[in-house]
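First comes the structure, then the notes that go with it.
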Amino acid sequence: MTQQAADALLEGLNPAQREAVEHIDGPLLIIAGPGSGKTRVITHRIAYLVKQVGMRPGRIASVTFTNRAAKEMRSRLERLMGEQAKYLTAGTFHALCAMILRRDGEAIGLPGDFVIMDDDDQIALIKQAMELAEVDPKRFPPRTVRGAISSAKSQLLGPEGFAAGSSNYYDEIVQRVFTRYEGLMARSHGVDFDDLLAKTVELFWRAPGVRS
């Protein structure tokens, strides 16, 4: 890439943005508010790494929180990089984790054809789990119980880990449902949205080769 082309890539960036785009040695934390050009900086930095530094696009992963943001990011990258953009990994955290688990989840016993349960599927399984655990859904609303299970999973806790920290009767109820819920999920080869993140962490812990 010529210096003229590099300058064209950096054109329109303010000094702080340009500094972030050109940083290539070690980690970089950018603290920025709404409308300050975060996506612009990230996409230009990726293009800079590929076009100026010579990094292969297949070695770059760009993740964000929402499908809308991911779509916008990929659209900008395609404008900046053309055909090279298709070799990038760019999407939401959940999409990235799903891709990793589809490819390498067998290492932790997760089949590649697993089903991702949506909100309705999860509530249906919670209700089944409550019935198996003999828990009254009128006293303990299924969505509330699902929320408690989701919170536990976000802390990387399974039923046993959750039980170890239980301190009251409600926690005991949640743990009983949690255990049945996980059993039903496994039998249906399913994962919920929290599992996509938690099981990817588990995969990286248990399979150093995959992590590498």
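The values are calculated or read from the model by the stated rules, or taken from the named source; none is laboratory data. Just so it is clear, the model here is predicted, and its values are computed rather than measured. Positions of Cβ are backbone-derived with ideal geometry, glycine not excepted, and every protein chain shown enters the neighbour counts. Just the protein is used for accessible areas: all its heavy atoms, side chains included, with ligands, DNA and RNA removed. Shrake-Rupley method; radii C 1.70, N 1.55, O 1.52, S 1.80 Å.
(1) aliphatic (A, V, I, L, M); (2) buried (at least 18 other Cβ atoms within 10 Å of the Cβ); (3) part of a helix (DSSP H, G or I): which one isn't true of residue 210, the others all being true? All conditions pass for residue 210, except number (2).
Across region 14-51, the qualifying residues are those that are closer than 18 Å to residue 63 by Cβ and among the polar types (S, T, N, Q), and the one among them that is most open to solvent (accessible area, probe 1.4 Å) is 39.
Does residue 88 satisfy the criteria of being among the aliphatic types (A, V, I, L, M) and within 13 Å of the chain's Cα centre (by Cα)? For residue 88, the condition - among the aliphatic types (A, V, I, L, M) and within 13 Å of the chain's Cα centre (by Cα) - is not met.
Select from region 123-146 the residues that are of a type in the set (D, E, K, R) and assigned to a helix (DSSP H, G or I) and write down the one among them that is least open to solvent (accessible area, probe 1.4 Å). Give the derivation first.
Initially, region 123-146 is screened for residues of a type in the set (D, E, K, R), giving 127, 131, 134, 136, 138-139, 143, 146.
Narrowing the set further to residues that are assigned to a helix (DSSP H, G or I) leaves 127, 131, 143, 146.
Details: 127: 115, 131: 144, 143: 130, 146: 43 Å².
Here the answer is 146.
Annotation note: Cβ proximity below 8 Å between a residue of region 18-34 that is over 13 Å from residue 46 (Cβ atoms) and a residue that is at pLDDT 90 or above and in a helix (DSSP H, G or I) (sequence gap 6+ or interchain) occurs for 30/20; 30/41; 32/41. Filtering 95, 69, 85 for residues that are surrounded by fewer than 20 Cβ atoms within 10 Å (Cβ to Cβ), assigned to a helix (DSSP H, G or I) and touching a Leu at 6+ places or on another chain (Cβ under 9 Å) leaves a single hit, 95.
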